[in-house]
1. On the given criteria, is residue 244 surrounded by fewer than 16 Cβ atoms within 10 Å (Cβ to Cβ), charged (D, E, K, R), closer than 28 Å to residue 202 by Cα and at pLDDT 90 or above?
2. Please count how many residues of the stretch 48-88 are out of contact with any Ser or Thr (no Cβ under 8 Å at 6 or more places or on another chain) and farther than 22 Å from residue 34 by Cβ.
3. Between a first residue in the stretch 209-234 that is at negative phi and modelled with pLDDT under 90 and a second residue that is loosely packed, with under 11 Cβ neighbours inside 10 Å and not aliphatic (A, V, I, L, M), which pairs have beta carbons less than 6 Å apart while being 6 or more apart in sequence or on different chains?
4. Tally time: how many residues in the stretch 305-320 are exposed (fewer than 11 other Cβ atoms within 10 Å of the Cβ), part of a strand (DSSP E or B) and among the hydrophobic types (A, V, I, L, M, F, W, C)?
5. Any idea which residue in the stretch 225-280 is farthest from residue 347 (Cα to Cα), counting only those that are part of a strand (DSSP E or B) and either touching a Pro at 6+ places or on another chain (Cβ under 6 Å) or charged (D, E, K, R) (or both)?
6. Is it the case that some residue within the stretch 286-300 is charged (D, E, K, R), surrounded by 15 or more Cβ atoms within 10 Å (Cβ to Cβ) and at pLDDT 85 or above?
7. In the stretch 209-235, how many residues are surrounded by 14 or more Cβ atoms within 10 Å (Cβ to Cβ), over 13 Å from the mean Cα position of the chain (by Cα) and under 17 Å from residue 42 (Cβ atoms)?
8. Quick check on the stretch 221-237. Is at least one of its residues more than 21 Å from residue 259 (Cα to Cα) and either in contact with a Leu (Cβ under 6 Å, 6 or more places away or on another chain) or in the same structural domain as residue 89 (by TED's automatic domain parsing) (or both)?
Amino acid sequence: MYCATPSRSLPSGPALQVQTECDHEPEDRQLTGTYVADELRKPAEKNYTIISIHEVWEYDVVQYDPTTKTGGLFSGYINNFLKIKQECSGWPSWCVTQDDRDRYIQGYYDREGVKLEPAKIAKNPGFRFGQKENASQTQIISQPADLFKLVMNPAIVVDNVTILNDEGVLASWECVEEDISPLKTVNVALAAYTIAMARLELYKHLEQLGERVLYYDTDSVIFVSSENDWEPPVGDFLGDLTDEMVDYGAGSQITEFVSAGPKNDAYKFWCGGAGKFDTVCKVKGVTLHYENSGKVNFETIKSIVLEDPHRHIDLIDNRIVRNQRYDVLTKHGAKRCTLQYTKRRRLDER
C-alpha cells in the first residue's frame, strides 16, 4: 500500500508529481523506522511483512484494573490531569438541568474514579514526555570573565552575542549534542508508547469506517454519515470520541467538506443554534482575519481542490515579533496557500 521511495527521492514541496500507480519493487517500498511492538502487530495482521529487526528495547508492563481502580504506571497522574482537562472542557451538551449535571458528575466518578468539582467546570478556550531537550539558553552577562568562560566552554556552542549597552551583553547558547543533560520529565519510550496507543485507537475507527473517511488527524476523524451506517460511539469519558458540532447547537451537521492537505481544510455546515448555513476554514500558519478570510475560505479551497490544483494564494501579513534584543517589532510575513498532498494520491470520484 505505502511506498518509501517517493518520500526519499523527491524534493520537499507539493507532491502533485506522485499521482500515478506505484511501480517500485518490494525492496524499494520498504519502510525503516522506530515502532512500538503493539504497532507492529496491526500491519502483521494486514499481511505486511517485517523484514528485519535491528534493535529492541524491552520493559516490564503493568496495566490499570478498571474494576479495582488500582495498578497502572500513571493512574495517579492520569486521574489528576484528567480531572483538570475534563473540568476545562465544560459541561456536556446534554447537561441542561441540575439533575443532568448531578448525574454527569456521579457517572464520571463511577466510571473513572475521578470526582469533578461543579464550580470548576467551565469551557476554557503541558507537560510532554517527548520534547526538545536542547533548547536555546539566554543569559545576560555583565562581567568579561563570565563571557570568556562561556565562549571557551567546549560543552557549549554560542549562537549569538548581542551588545545591550555599556554594561552588558546578551548571550544565546546551546549544549553540544554529546553533553545534553536529559530532562527528568522526558522519556522517549513513554512518548512513543502514548502516541502509538492513540494511533491504534484511531485506526480502530478508520478500519470500520473504511472509504467513508474524508479526513483524520491524531485525535479526530471526519466521515460521511448515513442513516443505516455504523458510526463511532461518542461519550464523556476517557478515550471516548466527542461530537465537535454540538457547540453549534442541536442538529448541527457538516454538509460539505474539503481538504487541501494536513491541517488545511474547510467545511460548510448547518448551524442548529443559528438556524442557518455557515462555513469554517482552518489553515495552519494563517491568521484568518477579515482581509485574509476574503482570500482563503471554504469556496477558494474548494475551487483549488476541484478545479485548479496548481493555483496558489499569496498572503501578506503584519506580525508582531521579538528580536534578539527583545525589542517588539512589526514585521511583514508572507504565506502561500496551495494544495499540499504529500502522502496520498488524488483520485476522481467513483
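1. On the way: surrounded by fewer than 16 Cβ atoms within 10 Å (Cβ to Cβ): yes; charged (D, E, K, R): yes; closer than 28 Å to residue 202 by Cα: yes; at pLDDT 90 or above: no.
So residue 244 does not fit the description; no.
2. First, pick out the residues of the stretch 48-88 that are out of contact with any Ser or Thr (no Cβ under 8 Å at 6 or more places or on another chain): 48-63, 65-68, 70-88.
Right, trim to farther than 22 Å from residue 34 by Cβ and you get 62-63, 65-68, 70-72, 75-88.
Residues in the stretch 48-88 being out of contact with any Ser or Thr (no Cβ under 8 Å at 6 or more places or on another chain) and farther than 22 Å from residue 34 by Cβ: 23 in total.
3. none
4. 2
5. Step one: of the stretch 225-280, the residues part of a strand (DSSP E or B) are 234, 241, 253-261, 264-271, 276-280.
Add one more test, that the residue is either touching a Pro at 6+ places or on another chain (Cβ under 6 Å) or charged (D, E, K, R) (or both), and what stays is 241, 256, 265, 268, 276, 278.
Details: 241: 29, 256: 18, 265: 18, 268: 22, 276: 32, 278: 28 Å.
This residue is 276.
6. Kept after step one, since they are charged (D, E, K, R), are these residues of the stretch 286-300: 291, 295, 299.
Subset that is surrounded by 15 or more Cβ atoms within 10 Å (Cβ to Cβ): none.
No - not one qualifying residue is present in the stretch 286-300.
7. Qualifying residue count, the stretch 209-235: 2.
8. Applying the first criterion (more than 21 Å from residue 259 (Cα to Cα)) to the stretch 221-237 yields 227-237.
Checking which are either in contact with a Leu (Cβ under 6 Å, 6 or more places away or on another chain) or in the same structural domain as residue 89 (by TED's automatic domain parsing) (or both) leaves us with 232, 234.
Among the residues of the stretch 221-237, at least one is more than 21 Å from residue 259 (Cα to Cα) and either in contact with a Leu (Cβ under 6 Å, 6 or more places away or on another chain) or in the same structural domain as residue 89 (by TED's automatic domain parsing) (or both), which makes the answer yes.
The values are calculated or read from the model by the stated rules, or taken from the named source; none is laboratory data. It should be emphasised that the depicted structure is a prediction, and the values quoted were computed from it without experimental measurement. Cβ atoms come from the backbone with ideal geometry, glycine included; neighbour counts cover every protein chain shown.
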